[in-house]
Amino acid sequence: MVEPRLEISPEVQAALSEGRPVVALESTIITHGMPWPDNLSTALEVEEVVRASGAVPATIAIIKGEPHIGMQREQLEYIARKGTAVQKVSRRDLPVVMARQLDGATTVSATSALAALSGIHVFVTGGIGGVHRGGEVTMDISADLTELGRTPIAVVCAGAKSILDIPRTLEVLETLGVAVASYGTDEFPAFFTPRSGCRSPARVDSPAEAAAMLDSVQRLGLGSGMLVAVPIPHEQAAEGDEVETAIRAALREADSRGIRGNEVTPFLLERVRALTRGRSLDANIQLVKNNARIGSAIAREYAAQLR
Ligand code: PSU
Ligand code: MN
C-alpha cells in the first residue's frame, strides 16, 4: 500500500506515539468562518485552550499541496491572512489541491478524513455543515454529514446553525449511521442558541460518558463516527432572536443573489456577522473555546480508557 503524504508536526507526532490526547481543529473556520485578524487570534487562543485542558492541538490545513497535521504559528498566520483566497477544501477537493500543490483550508469533512488517517480520535469545531434549507430540492447537503457516516472520529461542535434545516440534518445523520449525543441536554443545540426544537437522539452528561461512546464506536469497527453537540454557554446565548432575524435576511439575500454550492455557507456566515454588527462573531469565538475545553476533556478520558 502507498502511504498517504501527511506532514505531522513533531509535537503531534510525539503525543500520538505516546498515546497522549490529541484534538484536531479545522482551518475553514479560520479562512472562511471569521475575518482577519480575529481569525488568527481565535485560532491561537483555541490551541491554547486545548493545551491548558491537557491535550495537544492539531490544526489541519493544506499548505502547497501538503496536508499539515499540527501547524506552526507562521503557517497559521499565513492562511489566516490569505483568508478566503485560500481554497475551501472538502473531501471532494483534497486530490485537486494536493496534485496542484495549492493551499487549502479544510472543512469538517476533509479535516475529519485527515485526522482519522493520522490516528486522531477527537476533533473540535464550532458548527458543522448539514442539509441546507431547500436541500430536499437542491441536494445541497454538506459533505460533513457523509464524512461523519464513514469516518470513525468524534466531532465536538455546538450543533448546526439555523441557516440549515436542522430536522432534516438529524434525519440524514441517522440515515448515515452517525451516533449523535447532546452534552448535558435532551435537545439538539442550534449553535447560537441551545434550542432547536429537535429532540437529541442521545444525551451525555460528562466527558467520560462521551468517551465511552467513542470507545464503542471504535470497538465496533463500523467505520462511522459520532457527533457531540455542546450547547452554547447561556452567557452568550442571549442574542438568539437578533441572530435569527439576521439569518432570515441573509437567506433571502443568498437566494436573490443566486449564491450556490460551497459559497453558500461562507456567504451566510459573513452576512450574519455583518447584520449583527459582529455580535455573532463574539458568540462564535466563545462557543468554540467552550467546545475546545469539553472536547479536550473527552480526548483525555478516551486516552485514559485506552491505556
Ligand atoms: N458552520 C459554521 N462555521 C463554519 C462552517 C460551518 O458555523 O466555519 C464551515 C466548516 O468548515 C464546515 C463548512 O465544515 O463550513 C461546511 O461547508 P458546506 O456547507 O459548504 O459543506
Ligand atoms: Mn454545500
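The values are calculated or read from the model by the stated rules, or taken from the named source; none is laboratory data. Please read these numbers as outputs of a predicted model, since none were measured by experiment. Note that each Cβ is placed from the backbone with ideal geometry, even for glycine, and that neighbours are counted across all protein chains shown.
For segment 5-63, which fully contained helices (runs of 4 or more DSSP H) count at least 1 residues that are acidic (D, E)? Working first, answer last.
Details: elements: 10-17, 28-31, 38-52.
Qualifying helices (runs of 4 or more DSSP H): 10-17, 38-52.
Take I232 and decide whether it is free of Cβ contacts under 8 Å to residues at least 24 places away in the same chain, among the β-branched types (V, I, T) and outside any helix (DSSP H, G or I).
On the way: free of Cβ contacts under 8 Å to residues at least 24 places away in the same chain: no; among the β-branched types (V, I, T): yes; outside any helix (DSSP H, G or I): yes.
Spelling it out, it is not the case that I232 is free of Cβ contacts under 8 Å to residues at least 24 places away in the same chain, among the β-branched types (V, I, T) and outside any helix (DSSP H, G or I).
Using the structure shown, decide if R51 is without any contact (Cβ under 8 Å) to a residue 24 or more places away in the chain and of a type in the set (D, E, K, R).
Working: without any contact (Cβ under 8 Å) to a residue 24 or more places away in the chain: yes; of a type in the set (D, E, K, R): yes.
Here the answer is yes, as R51 does meet what is asked.
Suppose we keep only residues that are more than 13 Å from ligand 1 (Cβ to nearest atom) and in contact (Cβ under 8 Å) with a residue 24 or more places away in the chain within segment 246-270. Which one would you say is nearest to I163 (Cα to Cα)? Explain how you work it out, then say what you get.
Filtering segment 246-270 down to residues more than 13 Å from ligand 1 (Cβ to nearest atom) leaves 246, 248-249, 251-253, 255-258.
Still in the list and also in contact (Cβ under 8 Å) with a residue 24 or more places away in the chain: 246, 249, 251.
On the way: A246: 10, A249: 10, L251: 7 Å.
Here the answer is L251.
So which pairs qualify, if the first residue must be in segment 77-91 and more than 21 Å from E45 (Cβ to Cβ), the second must be of a type outside the set (A, V, I, L, M, F, W, C) and away from ligand 1 (no atom under 13 Å from the Cβ), the Cβ gap must be under 8 Å, and the two must be at least 6 apart or on different chains?
Taking only residues 6 or more apart or on different chains, the pairs are Q87/D103.
Regarding segment 213-224, can at least one residue be identified that is touching a Lys or Arg at 6+ places or on another chain (Cβ under 8 Å), away from ligand 2 (no atom under 16 Å from the Cβ), modelled with pLDDT of 95 or more and within 30 Å of A303 (Cα to Cα)? Give the steps one after another, and end with the answer.
Of all residues in segment 213-224, those touching a Lys or Arg at 6+ places or on another chain (Cβ under 8 Å) come to 223-224.
From the residues that got through so far, the ones that are away from ligand 2 (no atom under 16 Å from the Cβ) too are 223-224.
From what is left, the residues that are modelled with pLDDT of 95 or more are 223-224.
Imposing the further condition that a residue be within 30 Å of A303 (Cα to Cα) reduces the set to 223-224.
The answer is yes, given that some residue of segment 213-224 is touching a Lys or Arg at 6+ places or on another chain (Cβ under 8 Å), away from ligand 2 (no atom under 16 Å from the Cβ), modelled with pLDDT of 95 or more and within 30 Å of A303 (Cα to Cα).
I want to confirm something. Restricting to segment 131-151 and keeping residues that are in a loop (DSSP other than H, G, I, E, B) and within 20 Å of G223 (Cα to Cα), which single residue is nearest to ligand 1 (Cβ to nearest atom)? Show your work before the answer.
Initial filter on segment 131-151 (in a loop (DSSP other than H, G, I, E, B)): 133-134, 139-140, 142, 151.
Filter again for within 20 Å of G223 (Cα to Cα), leaving 142, 151.
Values: S142: 3, T151: 13 Å.
So, considering only residues that are in a loop (DSSP other than H, G, I, E, B) and within 20 Å of G223 (Cα to Cα), the one nearest to ligand 1 (Cβ to nearest atom) is S142.
Looking at S118, S142, can you tell me which residue is at pLDDT 95 or above and near ligand 2 (Cβ under 10 Å from one of its atoms)?
Working: S118 fails: near ligand 2 (Cβ under 10 Å from one of its atoms).
Among S118, S142, only S142 is at pLDDT 95 or above and near ligand 2 (Cβ under 10 Å from one of its atoms).
For segment 287-307, enumerate the residues that are polar (S, T, N, Q), more than 13 Å from ligand 1 (Cβ to nearest atom) and modelled with pLDDT of 95 or more.
Going through segment 287-307, the residues polar (S, T, N, Q) turn out to be 290-291, 296, 305.
Still in the running and more than 13 Å from ligand 1 (Cβ to nearest atom): 290, 296, 305.
Listed by number, the residues that qualify are N290, S296.
Condition test on A110, is it touching an Asp or Glu at 6+ places or on another chain (Cβ under 8 Å) and either at pLDDT 95 or above or within 16 Å of ligand 2 (Cβ to nearest atom) (or both)?
Values: touching an Asp or Glu at 6+ places or on another chain (Cβ under 8 Å): yes; either at pLDDT 95 or above or within 16 Å of ligand 2 (Cβ to nearest atom) (or both): yes.
Yes.
Taking segment 192-226 on its own, how many of its residues are touching a helix residue (DSSP H, G or I) at 6+ places or on another chain (Cβ under 6 Å), part of a strand (DSSP E or B) and of a type outside the set (V, I, T)?
So the answer is 1.
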